[in-house]
Each structure stands twice: as C-alpha cells, then as structure tokens.
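Let me begin by presenting the structure, written as structure tokens, before commenting on it.
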Amino acid sequence: MSLFLAAISVLASLLSGLAALSAGPNGLLRRGIRAWGQAFSSHYARVNPSLTPGRFSRLARTIPFALLGVSGGFAVLAGLLALHDNSTRTAVLPFGLPWLNWHLALDPLAGFFFCVLGIPLIAVSLFGPGYVREFEHGKHPLSVLGLFTGLFVAGMELVLLADDALLFMIAWELMSVASYFLVAYQHENPTNRRAAFLYLLMAEIGAIAIILAFGVLAGFTGELTFGAFRGAVLNPLWASVAFVLALTGFGMKAGLVPLHTWLPEAHPAAPSHVSALMSGVMLKIAIYGFIRFAFDLLPSLFWQWGVLVLLIGSASAVLGILYALQQQNLKRLLAYSSVENVGIIFTALGLALIFQSSGQLQLGTLGLVAGLLHGLNHALFKSLLFLGAGAILHQTHEHSLENMGGLVHRMPKLAALFLVGTLSIAALPPFNGFVSEWLIFQTALQAGSIQSGILRSLIPTASAVLALTSALAAACFVKVYGVAFLGLPRSRHIARTREIRHPGMLAGPALLAACCVLFGVFPMPLINALGPLTQSLTGFVLPNISVLGWLWLTPVSPDVAAYSPALVTLGIVAVGWLCYYLLYRRTGLEPRRAEPWDCGFGGLTPRTQYTSGAFSMPIRRIFEPVFDTRETVEEQREGPANTRITRLRYQFQVFDRAWVALYEPSGRAVTRLARWVGRLQTGNIRTYLAYSFCTLIVLLWVVS
C-alpha cells in the first residue's frame, strides 16, 4: 500500500508538469479556452459570468500547484505508512535495459525522506499560485516553470524509490537537469546563466563520482540492483574508494565545503518557491543518497571514514555560517546557511560512523537519529525562510538587506512567521532546531567511551566548533530579522510595502511554522517513529529515549541528560505571564508608547541605524584570515584645498576563498588546455586525414 501511495505521488508530480505545459500559450488547455471563448462566451457569459477565459486562466495557474499539493500529501502518507509497517515493499517495472528492469522499493529510510519531501511540497503548493502571478504575463513562459517544477519533484521522488543503480542515476539526472532549467528560468540575466551553468557542471561531475561509486560495487557483484550490492564482499581498499567517491558525489550535491560554491549562486537565481525546494528538499535527497550508500549498501564501516566526514562536516558548518554572516542579499545568505546546516548534519553522520564502527551501537544510532532529525528540521525552517524571502521579494522587489527595515509594521503576519523560522534555525528552545542540535551535542559528549585517545580528543574539538557555529548562527539571524523587519525603512518602496493579500502565500509558511513549533515541543513521537529505520540500518533501537515518559527526552540515560520540551515551553509561557502580571496587572501601569531615544540628535532617521554590513563587521575583523575581502572608501571633498569632507561612501565585498583558490585556477587551466587543443583544428583537410591515418595506425598496433 505504501509503495502504491508513493507511485501516486510520482504520477501527480508528472501530471503537474503536464498540466502546466498544457496551460502554455500554445497548450491544449489554453487553445481549448480560446476556442470556448470564441464559440460560447457570448451565451454562457450571460448564464454564468464566472465562466470566463480569465477564470480558466487562473485555474490553469492553480491546477499544477494543486497537483503538487496532492503529490506532497501522498508522499507524507506513503512515508508514514512505510515507517509504521517496518517493512520493505518492492516492485519491478518492465522498463530500462533488456537485461535490467527498473526495481522500486520503499523501506523505512525512503519513507522518512518521503515525509521530508512531502511537507515542504504541500507548503509550496499553497504558496506558489500567488507568487507566480507576476510571471503570468511576463517574458518567461509560466508553463516552462510549471513543467520543470513537476519533473524536478518527480525526479526526487524516483530517487527515493530507486532500488537499482540504473534507475537511481536516471532519476538523479532528471532531478539535476530539471532544476538546471529552473535556475536558468530568468535567463536574460547573465548572473543567472552563469549560476545555472556552474550548477549543471558541478551536478554532472558529482553524478560521475556517484556512477563510479556504484561501478565499484557492481564490479564485485556483476549486478546493478541494491540487493546485490548489499551482498558484495569488498576489501578495505576498494570499500574506501567507493566511500570516497560517494562522499564526493553526494557531498557535491549537498553543498559540502569546498564543493559548495554552486549553491550560493544557484539558489538566489531560482524563483523563491523553487529555492525552497532546492535548499529544503533537494539537499536532503543528496543526504539520503549518502546514508543509503554508506549505512545500507556498503558491507562494513571504518572509523577513518567517520573522521573524514566529521572534519568535512565541521568545516562546512563553521565556514558556511561565517560566509552567511557577511552576505547582504537575503537569499544568498540563506543559501550559505544551508551549507552550514548540511555541515551540521554530516557532523552527526560522522559521529554515527565513528561510534558504530567502534562497536558503540547505541551512540552510533543516536548520531544517526540526530542527523536525520536535523535533516527534517532544516527542511522545515529553511523552506519557511525561503518562502518568507520570496514573499518579501514579491511585495518589495528588493533583495538586499541594506535597503530593508521596518517590515514588521508593514507585513506583521509574515514577520511573525519569519520570526518562528529565525528562532528555529538559531536553535533556540522550544523550537525544532534546538532538539536536533542538542541530540548532536549529547552524542559528541559521549566521546569518553571510545578507546582511541585521538578520537577522544577530536570529537570534543568538533563539538566546540559546532558550539561556535550555533552562536554564529544566532548572531546571523538576529542580524537578518533586526535589519529586515525592525527599525525604520531604508528605502521608499519598503516604506510603501503592504501585507500579502493572497491567503496561500501566508498559509504555506504558516504550515511550516506550525511544524517547527510542533516538532520542537513534541519531538518524542517523531523520534520513536524512527525506530524501524535505525533497526534496518544499524540493527539497534534507542532503548532509553523515553524511559521517563513521553514528556522527557533521554538520549543516553536519565542519569546523563534529560530534556522536556513541553515543560520548557510551559516555563517560558509562565515566566512571560508572570512578568506581565507583575509589571502591569499588579502595579496598574499601562504601556506607554513613545519615540525611541535619539541620543539628543533631534530625531531618528534610517541613516542612524545599524546596517547589515556594520552588524557583521566585528565578526569579519575577528575571522579576517577566513575571508577574501575588498574594501573601498570614497570621499567627496569641498572647500578651500578640498579640506572639508562632505560625503563618505564605504563599500566592501567578500569573496569565497574556495572559489578563488580552487575554481578560478581550474577554470584558467581548462581554458589554456582548450586553447592548446584548439590548435589541432587547422582547417586543412590534409591535416585531418593525417590525424585519421595516425589514429588508425595506433589502433591497429594496439589491437594486434
């Protein structure tokens, strides 16, 4: 039944793309509407004025997103049923190669990630119809956006269902190519074209690495099915080669440092609801692929693999948030924050690999649960933040934080929802981000149970880096919310902004915000539901996770640590009510509204506020070796001998060192090689015949 529901989810995604295509300028639906309007509008418009071509046009815009919502709903149902059944449902489709049909399977791991995909997809289906209205009469066909969105979602769902390497790579390429067209949707902008090309290039390089990783397993089994891969007998060398290739391929798609540079370029270029799916869901599909390969397909694990993943994850986390702090483009900042959160997830997976390979099954399972839970939480609050950024962009057409301000007074409903997202991503209780990061810390604190002294020193160091990352993330999103929503508007069009009128553009973020609160206050049912998943991957279920009852979370044992999100929430509410009672009810004081103190300068203006760059400057000074910064100060002088400064203009740019140190030299080398190879193309037919003759001689010599 769960596999049938998942198949319906895939079919609904494909139908969404087809519905969008048929609603295009020359599509079947649009041509039918025009024909109906010409033949029957004079009669039926009098009978029912709502049945007009304009009404059908709105339906044509809404139907694809409604089908995406259906796909998301069936994906959640299929995932929950797969987790509840604790079994693997399989099917074989008569497609593919003559000697290899397509193998489908839905087990608890795929079921969990179907839930990770489904919830943000439902939110996007609510948000999308209102957001894409501005594209309806623009230069970019809305049908193209809908078509590739449906194919993109269908590709991600097929990746989760694939049970052989062939179907997995077909679905993986469908996901990558469809998302390339979404990134390049507004292609008249050279920056978007560059971002799309970079994304496609990195995606294909990662796909080659994944194919090679599957090829190693196929070389030892002679088959391409995942069932055969699980029975492979690999020596440590070849197992390590396959693991490194898989880490490279899936890590490139997930955005691990230093393979992350496509991510802050591509996510801001895509439409905001697509950015929410790419950052909130697509990155988790890459994490699913890594977990599937490392924990399920490989026959054994080695602690050295865990150390590698732990180091890369820690570096990605701290560098991602440091670069996020320096960004002024809101969507680019959120993209770098995704690098940070992917690093946190891989930190948890690295701990799981270390503990499990060391024989500590309980701690290895705890690290895996923490990583999976943070993957779900990140999908929720990052999708919420990208949809919130899309709503701001829709109303203000503004990307830069430097020009925002005061939106809490103009968009109060969105401001409240965005605040939930910022508190969740900052890992503050009682929201969901705190629970998963707290579990990661609890896993790292058990390093004393490992025999190796090197690992007992390395893991606390990584946990200290994670603590620094959490503090920097809190500072980053204090900056985001304070600069964008508080204070005074920094530009005229921000001052004229109004609240969103389309109910769906608030309903989608509201759904995600409710999930952030719900999973933060009541995480126990969700963690208990992961029992079948961990049983299938590690052979272990956390025994003490709810030993004190459903209100308490005890990851290791009650004597080590315990946390009750519900009681913490009640405590926060009680303290807030007590303060209100003591300050106002008991004393009889009434709140007094007044202008903020202006330090005696005679009125506050937007120029007296902290800017985004000023807020992050102290951190930039502290971590200056990490950044490649360009700062310029322009002075305008007047008066005798230009002694009086009348205007100052300060600008700074922060460049990613990975791009400067790794990608630019590689690009220059490829360009030089292409120019050298280009010399072979002389335009002389005799030269080409000589090339062919020499090639023939070499081949005959090799064959003989």
Determine the dipole magnitude for the chain: charges of +1 sit on the beta-carbon of Lys and Arg, -1 on that of Asp and Glu, nothing else is charged, the reference point is the Cα centre, and the result goes in debye to the nearest 20. 2140
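Counting other Cβ atoms within 10 Å, keep those with at most 14, restrict to DSSP loop, and tell me which trypsin sites (Lys or Arg not before Pro) in region 489-521 are left. Could you put the intermediate results ahead of the total?
On the way: sites: ARG490, ARG492, ARG496, ARG498, ARG501; in loops: ARG490, ARG496, ARG498, ARG501.
Passing sites in region 489-521 are ARG496, ARG498, ARG501.
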Euclidean distance of C-alpha centroids, region 352-420 and region 508-584, integer Å: 18
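Counting other Cβ atoms within 10 Å, which GluC sites (Glu not before Pro) in region 181-234 have at most 12 and lie in a DSSP loop? All intermediate terms of the calculation are to be shown ahead of the outcome.
Details: sites: GLU188, GLU204, GLU223; in loops: GLU188, GLU223.
In loop regions of region 181-234 (DSSP not H, G, I, E or B), the sparsely surrounded GluC sites (Glu not before Pro) are GLU188.
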If you average the alpha carbon positions of region 649-692 and of region 151-216, how far apart do those two centres end up, in angstrom? 24
Checked region 468-601 against the a/c 1.5 cut and the a/b vs b/c comparison, axes a ≥ b ≥ c from its Cα gyration tensor; verdict prolate
Other-chain or far-sequence residues with amide H under 5 Å of ASP628's (modelled H): PHE655, ARG657
For region 616-704, with only Lys/Arg (+1) and Asp/Glu (-1) charged at the beta-carbon, what is the dipole magnitude about the Cα centre, in debye rounded to 20? 240
Go through region 472-483 residue by residue and turn each phi into a ³J(HN,Hα) via Karplus (6.51, -1.76, 1.60, θ = phi - 60°); whole Hz please, and just put x for glycine and proline. 5, 5, 4, 5, 4, 8, 5, 4, 4, 6, x, 6
Qualifying lysines (Cα of each under 19 Å from Cα of LYS331; at least 8 residues distant if same chain): LYS253, LYS284, LYS382, LYS479
Exposed loop sites here are chymotrypsin sites (Phe, Trp or Tyr not before Pro) in DSSP loop states with at most 11 other C-beta atoms within 10 Å. What is the longest stretch of the chain lacking them? 100-596
Note down the relative contact order for the chain as a percent, whole number, built from C-alpha pairs under 8 angstrom at least six residues apart. 11
If unit charges are put on Cβ atoms (+1 for Lys and Arg, -1 for Asp and Glu) and the dipole of region 569-704 is taken about its Cα centre, the option from LEU578, TYR650, TYR691 lying farthest towards the positive end turns out to be TYR691
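Can you tell me the dipole magnitude for region 546-628 around its Cα centre, using point charges on the Cβ only (Lys, Arg +1; Asp, Glu -1), in Debye to the nearest 20? Numbers along the way, then the final one.
Values: 7 positive and 6 negative charges, 65 e Å.
Rounded to the nearest 20 debye, it is 320 debye.
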Region 310-460: mean projected area of Cα convex hull, nm²: 9.1
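With N set to the number of residues, divide the alpha-carbon radius of gyration of region 659-703 by 2.2 N^0.38 Å and report two decimals.
Working: Rg = 16.3 Å, N = 45, 2.2 N^0.38 = 9.3 Å.
Here the answer is 1.74, to two decimals.
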I'd like to know which of VAL132, LEU106, PHE152 lies farthest towards the positive end of the charge dipole of region 58-169, counting +1 on Cβ of Lys and Arg and -1 on Cβ of Asp and Glu. VAL132
Would you calculate, for the chain, the mean residue ellipticity at 222 nm contributed by helices, counting each DSSP H stretch of 4 or more residues as -39,500 (n - 2.57) and dividing by all residues, to the nearest 500? -22000 deg cm²/dmol
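Using only alpha carbons, build the gyration tensor for the chain and give me the equivalent ellipsoid semi-axes, biggest first, whole Å.
40, 35, 31
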So, counting K/R as plus one and D/E as minus one, what does the shell of residues with Cβ under 14 Å around LEU387 add up to? +3
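Just so you know, all these numbers are worked out from the coordinates, no wet-lab data involved. Here the structure is a predicted model, which is why all the values come from computation and not from measurement. Every residue, glycine as well, gets a Cβ built from its backbone with ideal geometry; the counts of neighbours run over all protein chains shown.
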